[in-house]
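Student: Supplied in structure tokens, the structure appears directly below.
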Amino acid sequence: MAKYFGDIAKGVKDVLTGGLSYDNKLTITAKAGRSVGLKGDVALKGADVTAGTTATYTVDKDVSAELTVNESGAFKSSVTHGGLLDGLKTTVSGEPLNVNKTLKVANTFLVGDLGLKADVGGLLATPKVDASACYALHDGLQVGVEATVCSAKGVTGYAVGVQAKVDDVTAALLVGDKMDSVKISAVSKLGCGVTGAAEAQYKVRNGDLRLTAGASGKMHNGHAAKVVVSSTGCVSSSYSGELAKGVAATVCLQVDQQMKYKYGFQFAVKK
């Protein structure tokens, strides 16, 4: 069931794009007591190396703070409060040394069958609002809308969506990019731990049609595998599993119709 607009067609996204990365990355997470969480990561993206360290401090069940520093020494901090109003969660974030351009307030509000989101960025520069709403007509049917409004350019984007579930099949329709992009998709459990998904995307202006289908599933040993094929002749795949206690690995491979390929290895260590 979709609670927010971004959840519409999420099951399809999880199968067709979720977990597919062609960067080489190492992530380490750890706990420093009950209230402090630490995460560090190093990634190789082509010839570029990026790194970051994040510390999270949980004050109580409603309040937490986070501080991130990257390889260039830039800091980003955020404070999240989930108890201002029942169903409301607010996060204030930004870079302390560049607060004029980076200050942002993000809100999510869930009340009954209605899920709302409103992100306000550039508060001290050029404000921009990303807002969305999703309403569950009943358990098997949700409708939603989203829009982006910039103080300098007005409405810069909007989209509508609907999702319906019948038995094991969840189908969705998304119309976005100012009504230039139409996506029709479906996801279903196929049995034996396998989930299949398919999507058709049509660009109204240029008449481009792209089809994508894939399947993912878990094996008896707990490992997971995925294969995705698109009408462009591109095949993407991934395989993930636990190498040892607290150490998980994922390998991804993509090959196009010219037999050009790219791959990525990701390792996650949890202490």
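The values are calculated or read from the model by the stated rules, or taken from the named source; none is laboratory data. From a predicted model like this one, the values you see are computed outputs, not experimental measurements. FYI the Cβ positions are ideal-geometry reconstructions off the backbone, even for glycines, and counts take in every protein chain you see. Calculation scope for accessible area: heavy atoms of the full protein, side chains included, ligands and nucleic acids excluded. Shrake-Rupley method; radii C 1.70, N 1.55, O 1.52, S 1.80 Å.
Student: Rounded to the nearest whole Å², what accessible area per residue is found for the chain with the 1.4 Å probe?
Tutor: That works out to 60 Å² per residue.
Student: Out of the total accessible area of segment 120-165 (probe 1.4 Å, heavy atoms of protein only), what percent is carbon and sulfur?
Tutor: That fraction is 63 percent.
Student: For Val169 and Phe265 in one chain, what is 0.36 nm times their gap in residues minus the Cα-Cα distance, to one decimal in nm?
Tutor: Full extension from Val169 to Phe265 adds 31.3 nm.
Student: Follow-up question, since we're still on this one. Mind ranking Leu26, Leu103, Leu243 by accessible surface for me, highest first, 1.4 Å probe?
Tutor: Working: Leu26 75, Leu103 40, Leu243 120 Å².
Order by accessible area, largest first: Leu243, Leu26, Leu103.
Student: While we're looking at this one, here's another question. Let me know the Rg and Dmax you get for the chain when you use only its Cα atoms, in Å.
Tutor: 20.7, 56
Student: Among 162-169, 213-220, 27-34, how do they line up from the highest to the lowest mean number of other beta-carbon atoms within 10 Å?
Tutor: 213-220, 162-169, 27-34
Student: To continue, here is another question. Note down the net charge around Ala2, summing +1 for each Lys or Arg and -1 for each Asp or Glu among other residues with Cβ under 15 Å from its Cβ.
Tutor: With Lys, Arg at +1 and Asp, Glu at -1, the net is +1.
Student: 7 Å from Cα along Cα→Cβ at both Leu114 and Val194: what's the point-to-point distance in nm?
Tutor: Using points 7 Å along Cα→Cβ, the separation is 4.4 nm.
Student: Where the centre of each part is set by its Cα atoms, how far does segment 34-94 sit from segment 175-219, in angstrom?
Tutor: 32 Å
Student: I'd like the carbon and sulfur percentage of the solvent accessible area for segment 1-98, probe radius 1.4 Å, heavy atoms only, ligands and nucleic acids excluded.
Tutor: Using a 1.4 Å probe with all protein chains present, segment 1-98 comes out at 58 percent carbon and sulfur.
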